[in-house]
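Derivation of every value follows stated rules applied to the coordinates shown; laboratory data play no part. Note that the structure is a prediction, hence the values are computed from the model and not measured. Neighbour counts are summed over all protein chains in view; Cβ atoms, including those assigned to glycine, are modelled from backbone coordinates with ideal geometry.
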Amino acid sequence: MPDTAVCFAYGSQALFMTTIHNIFLLYHVETFLSVYKIDKTSFWAGEIVFLLWNSLNDPFFAWLSDSSFLGKGATTSVTQVVLHRLRMLTWSGPMLSVSFLLLWFSWLYPGVQFVVCLCLYDGFLTVVDLQHSSLLADLAVSVRARARLNFYTSACSAVGALSVFLSYIVWNKDRFVSFQVFCAGLTVFSFVGFIVSTRHLGKHYRACAVRSKEPRTDFKEEKSSLLQMKKYLHQVATHRNFVLFTIMNLLQVFHCHFNSNFFPLFLESLLGGAVSPLTASLLLGLSFVAPHINNLYFLTLCQKYGTYRIIQFLFVVKLLLSFVVFLMGPSHMWLIGIFIAR
């Protein structure tokens, strides 16, 4: 069972990622549309390029990350795998912070900057998210240990989501300097945090490697990296559960990103003066904090009933709620706001 220091260091990775990622989701579209005045053709062309890049980089970076352990006929241990992932996080985490900062300062033609910034940010985000998620399997084997790590991750993510409340206070597309200063502060916080947390975890597991001898895993040698890649793609593409999961994840990610990217525009264009700035800020913050708080409760239910049943139940509830909102009609804007924010 991981000790408290390890759990907190692991969870803090989610804190530093969530702090900047929620701001990215909320404001990058409105920044390029309202502040940089990107034209419609460049915007949609950039979104298409980003969509393709986002679809391809996940399996590519996943294979690239673990290919160093394959095809060499060598042996490795859990500690070596963990340290490898931490080394990846040591540089990819700070680079994610830097790529986040590049979004909020105009330094290229808007159409070009839009594509470059989105691809850079999403590339580093993929590496960070991939290594952080993979660490869960490497750090904990039992369901109880993983639930404990997930608890710390959800708690830290909820704290990181508080940046959304502050962002609405400083956001002003006509006076953009205050928001730029705010994002620069978040960048420094995230940059330093990634370095400190990964070094702490690395120090802990180097000490573990000295104190204990772990079983080492043999990897069979492959003829070439190209054969490895072909074999990997074939196994993934023909796996029925992977295909079903990908379709479900496509719908879920589209829904979440659509809500996140356009929620500020929804508050401004649809609600308008119907709600006060304080209420709008609370709705905005609720849309990011509530899911992480819910996770703290649902983790207990997952241990009792199983993750599959809980996800299935939540999808049914979401579908029923959407019908209720539809039947209530557009006259109940507060209900639509809560439905999108929840």
- Query: In debye to the nearest 20, how big a dipole does segment 1-145 give about its Cα centre with +1 on each Lys and Arg Cβ and -1 on each Asp and Glu Cβ?
  - Reply: 180 debye
- Query: For residue 111, what charge total do you get from the other residues with a beta carbon under 15 Å from its beta carbon, if Lys and Arg give +1 and Asp and Glu give -1?
  - Reply: 0
- Evaluate the relative contact order of segment 71-151 (contact order divided by residue number), counting alpha-carbon pairs under 8 angstrom at least 6 apart; express in whole percent. 39 percent
- Item | Label-point separation in nm, residue 188 to residue 250, each point 7 Å along Cα→Cβ | 4.4 nm
- Message: Apply the Karplus curve 6.51 cos²θ - 1.76 cosθ + 1.60, θ = phi - 60°, to the phi angles in segment 83-100 and return the couplings in whole Hz, x for Gly and Pro.
- Response: 5, 5, 5, 5, 5, 5, 5, 4, 9, 6, x, x, 5, 4, 4, 5, 5, 5
- Per-residue HN-Hα couplings for segment 131-145 [Karplus 6.51, -1.76, 1.60; θ = phi - 60°; Hz; x = Gly/Pro]: 5, 5, 5, 5, 4, 4, 6, 7, 7, 9, 9, 6, 5, 5, 5
- Place +1 on the Cβ of every Lys and Arg and -1 on the Cβ of every Asp and Glu in segment 45-169, take the dipole about the Cα centre, and give the residue among 156, 140, 50 whose Cα lies farthest towards its positive end. 140
